[in-house]
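First the structure, in the form of structure tokens, and then the observations on it.
What follows draws every value from the coordinates through simple rules; no lab data is involved. Remember, predicted model here, so these are calculated numbers, not experimental data. Because the Cβ atoms are built from the backbone with ideal geometry, glycine has one as well, and the counts that use them run over all protein chains shown.
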Amino acid sequence: MFKLFTGIQGYLIMGGVVLTFLTGTFFFGFSHGKKYAYAKTEQARLETQDELFDLGEVVAKQAAKLETLKTEKEDLVYELETLATNDNPGIGPDGMLRLQRRWGAP
């Protein structure tokens, strides 16, 4: 029979081969597991980023609409105050000063 290594030397060589095989298997699995975890994390990050971009667009549209409503409100308030001063000539000097401070001199 083939007896290249016998005795303690054979056991040491076989132990080294088994240890090398186990270490290689462990690191192979570890590296593939690490790649899988990174890919999974990257996919989740991209999905979250897309959701955030969509929400950013919604917020921008709502901010534009809010600005439009604010401008319309200011126009209506100015119109109502103008109507109040024209229809009621009995407005006092304090009221006129408040209107002039708010909207400037007519």
_Testing the spin-label approximation: label points 7 Å from Cα along Cα→Cβ at residue 35 and residue 102. State their distance in nm._
7.0 nm
*Cut-off 15 Å between beta-carbons: net charge of the residues surrounding residue 77, Lys and Arg +1, Asp and Glu -1*: 0
*Sort all Cα-Cα distances of segment 8-103 into consecutive 10 angstrom bins from zero, then give the percent of pairs in each bin up to the one containing the longest distance.*
12, 16, 12, 11, 10, 9, 8, 7, 6, 5, 3, 1
_Using 0.36 nm times the number of residues separating residue 21 and residue 46, minus their current alpha carbon distance, what extension gain do you get?_
5.2 nm
